[in-house]
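The values are calculated or read from the model by the stated rules, or taken from the named source; none is laboratory data. Just so you know, these numbers come straight off a predicted model, no measurement behind them. Here the Cβ is made from the backbone with ideal geometry for all residues, glycine too, and neighbour counts use every protein chain on show. With ligands, DNA and RNA removed, areas are computed over all heavy atoms of the protein, side chains included. Shrake-Rupley method; radii C 1.70, N 1.55, O 1.52, S 1.80 Å.
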Amino acid sequence: MNAESLLIDLCEAHGGLTRWQSVDSIDFALTSSGLAFSSHGQGSALVGVKVRLWPHQRRVELHHYGGQGKLGVWTPDHIALQEADGKLLAERAHPRNQFKRLSKRLLWDKLDMLYFGGYALWNYLSFPFLLAEPGIRVSLPTTADRCAGLGLVAEFDGSVPTHSARQAFHLDDAHHLIQHDYTADVIGSWATAANRVLACSETSGFRFYTRRRVTPRMGPWQTVLPFPILVRIDITELDVTFKEVQPSN
């Protein structure tokens with residue numbers, strides 16, 4: 001099996017690429033925390049938020065982000081924090097550039113956290129269909145990728161907002177995700193992580209991964225450590241909205 005045929009099977013196992021094209025938005029409740037956030041001063045920023053995500057528009061809205069009724073809006077090149085009435089509180093263009101500053105190794109503000117959370121959620125909820133988009137090349141894993149069974153490696157060009165240029169996806173025999181390996185570049189080149197799947201859910205015919213734990217990968221063999229928990233991700237109340245079918249003339 002080559003990488004392209006594996007990707008086709010992977011998409012079919014998650015609801016089908018053709019049907020995915022008819023999705024408009026995905027709604028869910030999110031609680032996410034962990035050392036990666038608390039160590040940057042944002043430990044509770046993603047606790048108890050409601051999310052609406054448009055996978056094809058590359059847009060994520062976090063309701064109650066930064067306070068009750070407030071709204072955080074993520075797109076790859078612009079992020080904003082608003083009051084419930086739409087009043088703009090803060091915004092930032094080209095937000096990824098901010099992470100090049102040395103101070104961001106120590107402390108994030110609400111916009112930094114919004115950028116990280118926005119692109120990460122867009123990646124996770126769009127899997128595996130994201131891997132079929134332009135700007136991404138897939139291949140089978142090498143020995144260095146440490147995939148014990150089925151696996152797929154993706155190389156992202158600069159047009160795709162994501163964790164790192166090279167990422168590995170470990171799969172079981174049913175083509176379901178077990179573990180996602182990457183480097184969280186916005187945190188640092190040393191931030192090699194294993195994003196392990198603990199639970200999943202089927203909604204509207206699609207498979208989503210609803211409970212994840214992220215821990216470090218370290219050493220020459222990139223051994224996955226059980227602790228510390230860098231990020232906890234718990235998703236509930238999933239709902240998929242489909243695009244309206246336009247009537248034919």
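Going by the structure shown, is residue 137 basic (Lys, Arg) and closer than 26 Å to residue 22 by Cα? Yes: the conditions hold for residue 137.
Does residue 137 fit the bill of being surrounded by fewer than 19 Cβ atoms within 10 Å (Cβ to Cβ), more than 30 Å from residue 4 (Cβ to Cβ) and either among the charged types (D, E, K, R) or out of contact with any strand residue (DSSP E or B) (no Cβ under 7 Å at 6 or more places or on another chain) (or both)? For residue 137, the condition - surrounded by fewer than 19 Cβ atoms within 10 Å (Cβ to Cβ), more than 30 Å from residue 4 (Cβ to Cβ) and either among the charged types (D, E, K, R) or out of contact with any strand residue (DSSP E or B) (no Cβ under 7 Å at 6 or more places or on another chain) (or both) - is not met. Among the residues of region 140-183, those that are open to solvent by 20 Å² or more (accessible area, probe 1.4 Å), in contact (Cβ under 8 Å) with a residue 40 or more places away in the chain and in a strand (DSSP E or B) comprise 150, 179.
Across region 1-41, what is the total count of residues that are in a strand (DSSP E or B), open to solvent by 40 Å² or more (accessible area, probe 1.4 Å) and of a type in the set (S, T, N, Q)?
Step one: filter region 1-41 for residues in a strand (DSSP E or B), giving 23-33.
When the remaining residues are screened for being open to solvent by 40 Å² or more (accessible area, probe 1.4 Å), the result is 24, 31.
This time we only want the ones that are of a type in the set (S, T, N, Q), so: 31.
Of the residues in that region, 1 qualify.
Within region 191-213, the set of residues being buried (at least 17 other Cβ atoms within 10 Å of the Cβ) and aliphatic (A, V, I, L, M) comprises 191, 193, 194, 197.
Collect the residues in region 190-249 that are part of a strand (DSSP E or B) and basic (Lys, Arg), keeping them in residue-number order.
Of everything in region 190-249, those that are part of a strand (DSSP E or B) and basic (Lys, Arg) turn out to be 196, 207, 211, 212, 213, 217, 232.
Every condition in (1) β-branched (Val, Ile, Thr); (2) over 17 Å from residue 209 (Cα atoms); (3) touching a helix residue (DSSP H, G or I) at 6+ places or on another chain (Cβ under 6 Å) is met by residue 26 except one, and the failing one is (2).
To keep it simple, each residue is scored yes or no on (1) touching a helix residue (DSSP H, G or I) at 6+ places or on another chain (Cβ under 8 Å); (2) under 30 Å from residue 78 (Cβ atoms); (3) small (Gly, Ala, Ser).
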position: 140; (1), (2), (3): yes, no, no
position: 156; (1), (2), (3): no, yes, no
position: 166; (1), (2), (3): no, yes, no
position: 175; (1), (2), (3): yes, no, no
position: 181; (1), (2), (3): yes, yes, no
position: 192; (1), (2), (3): no, yes, no
position: 199; (1), (2), (3): no, no, yes
position: 204; (1), (2), (3): no, yes, yes
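Residues being open to solvent by 70 Å² or more (accessible area, probe 1.4 Å) and among the aliphatic types (A, V, I, L, M) are entirely absent from region 220-234. Of the residues making up region 162-199, just one is over 25 Å from residue 108 (Cα atoms) and among the aromatic types (Phe, Trp, Tyr), namely 169. Each residue in region 20-54 was checked for being over 13 Å from residue 242 (Cα atoms), touching a Ser or Thr at 6+ places or on another chain (Cβ under 7 Å), touching a residue at least 12 places away in the same chain (Cβ under 8 Å) and among the small types (Gly, Ala, Ser), and 3 of them qualify.
Considering only residues that are assigned to a loop (DSSP other than H, G, I, E, B) and more than 28 Å from residue 22 (Cβ to Cβ), look in region 45-64 and name the one that is least open to solvent (accessible area, probe 1.4 Å). Quick ask: steps written out before the conclusion?
Looking only at region 45-64, we keep the residues that are assigned to a loop (DSSP other than H, G, I, E, B), and these are 45, 55-58, 64.
This time we only want the ones that are more than 28 Å from residue 22 (Cβ to Cβ), so: 45, 64.
Values: 45: 11, 64: 67 Å².
Filtering region 45-64 for residues that are assigned to a loop (DSSP other than H, G, I, E, B) and more than 28 Å from residue 22 (Cβ to Cβ), the one least open to solvent (accessible area, probe 1.4 Å) comes out as 45.
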